[in-house]
1. What ranking do 329-339, 145-155 get when scored by the average of other Cβ atoms within 10 Å per residue, highest first?
2. Enter the accessible area per residue of the stretch 171-265 (Å², integer; probe 1.4 Å; all protein chains in place).
3. Provide the solvent-accessible area of Asp99, counting protein heavy atoms only and rolling a 1.4 Å probe, rounded to the nearest 10 Å².
4. For the chain, set up a Gaussian network in which alpha carbons nearer than 10 Å are linked by springs, and say which option among Pro158, Pro171, Pro72 fluctuates the most.
5. State to the nearest 20 debye the size of the charge dipole of the chain about its Cα centre, where the only charges are +1 on K and R beta carbons and -1 on D and E beta carbons.
6. Can you list residues from other chains, or at least 5 along the same chain, whose modelled amide H is less than 5 Å from the amide H of His33?
7. Treat every Asp and Glu Cβ in the stretch 4-184 as -1 and every Lys and Arg Cβ as +1, leave all other atoms uncharged, and give the resulting dipole magnitude about the Cα centre to the nearest 20 debye.
8. Run the accessible area of the chain with a 1.4 Å probe and give the carbon-and-sulfur part as a rounded percent.
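The values are calculated or read from the model by the stated rules, or taken from the named source; none is laboratory data. Every value quoted in this text rests on a predicted model; they were computed, and no experiment measured them. Quick reminder, even Gly has a Cβ in these numbers, built from the backbone with ideal geometry, and neighbours come from all protein chains shown. Ligands, DNA and RNA are stripped out before the accessible areas are found, and what is left, the full protein with its side chains, is counted by its heavy atoms. Shrake-Rupley method; radii C 1.70, N 1.55, O 1.52, S 1.80 Å.
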Amino acid sequence: MEFRYDANQSPASASRRAEILANPGFGQYFSDHMVTIDWTADLPGQEEAFQAGEYLKMVGEWSDARVEPYGPLSLSPAAAVLHYAQEIFEGLKAYRHDDGSIWTFRPHRNAARMNRSAHRMAMPQLPEDVFVQAIEELVARDHAWVPNGEGQSLYLRPFMIATEEFLGVRPAHNFSFHVIASPAGNYFGGELKPVSIWVSRDFARAGEGGTGAAKFGGNYAASLAAQLQGASRGHDQVIFLDRSPDESLEELGGMNVFFVTKDNKLITPKLTGTILEGITRDSILQLGAEQGLEVEERRITFNEWKDGVASGDIQEVFACGTAAVITPIGQVADREEVHTTPSTDFPVANALRNRLIGIQTGVEEDTHGWMHRLA
Ligand SMILES: *Cc1c(COP(=O)(O)O)cnc(C)c1O
């Protein structure tokens, strides 16, 4: 696709940028440009697909792809996204390698996942190569925003919203896709400190047949009350259970969860439709198998966690996702009961984390062909 370029006439000065990159935090500062692509429905084509039984086929056209100055969107107050939450997003990172080249990790996976989210939310498909191209076009313009400090990256946030000015309840006829970029330090601060997790019993994040497997903003809104409840008791993150009588584990609000047993099994909840299919999760399953762990994707009940850490059958617990990579879980609190993870140094989690970060930062061989060069 052809992208036009509308340069930012007042970009951040080199000294201001350097100041930001020295201590970027997470999600607070944004680069000089963003990508926008508009989508308009082809209503006769859509009606035809609908009549033919393809009721979720959004027929239409992407147009006016551009890299433009980062800045406020102009939206009608009646834009559908503001009322009915037709919004999906992705998250991936650009890493600067020692030779100055810039790379990202498995971007076609993000592109494919965004299209699965779009399907669930009755939104249009964006061709995978256009998704990847959009990231390439933005990083080509804003490459100076990719930091090179330890643990640093440029976080890329693609997202799609319903822009049509209409309050009727149906899929919108106009959408826009955007990519914004934000320099990122280490998500949980400098060192790998085990976090404390709160079990959400009052609030569910997702239900069967719902939107839990889509990377959909509303899932995050639905997780905030639980997050606040946990935070008010001094916990860092929340784990959600399914609502079945056996209380199987789902995930944290934005990270998948893993267990390491004393007999070298690496176990994670299987994908049931209520869990987001993390790309970090998938990568860790592959790296774990290579490191000689016996990998299992299956239902895990909360009782198995509780009993496993008490008996020592479970040695390590950790969470994973693009933003924080791997975060050790030191304890889980179920109201007043606290269950402590036996390991304090998390050797398996650290080995997996080092291998994954090694590939992403270019210091270890990318034996899977996961890295994609951006600049
Ligand atoms: C994005 C996300 C993850 C992690 O996915 P990655 O592809 O590994 O970054 C996990 N859970 C939820 C709910 C998410 O939105």
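1. On the way: 329-339: 15.8, 145-155: 19.9.
Taking the mean over residues of other Cβ atoms within 10 Å, the ranking is 145-155, 329-339.
2. Numbers: 3790 Å² over 95 residues.
It amounts to 40 Å² per residue over the stretch 171-265.
3. About 120 Å², ignoring ligands and nucleic acids.
4. Highest fluctuation among the options: Pro72.
5. Numbers: 32 positive and 51 negative charges, 103 e Å.
The calculation lands at about 500 debye.
6. Placed amide hydrogens put Tyr70 under 5 Å from His33.
7. Details: 15 positive and 23 negative charges, 114 e Å.
Here the stretch 4-184 has a charge dipole of around 540 debye.
8. Working: 8190 of 16620 Å².
Of all accessible area on the chain, carbon and sulfur atoms account for 49 percent.
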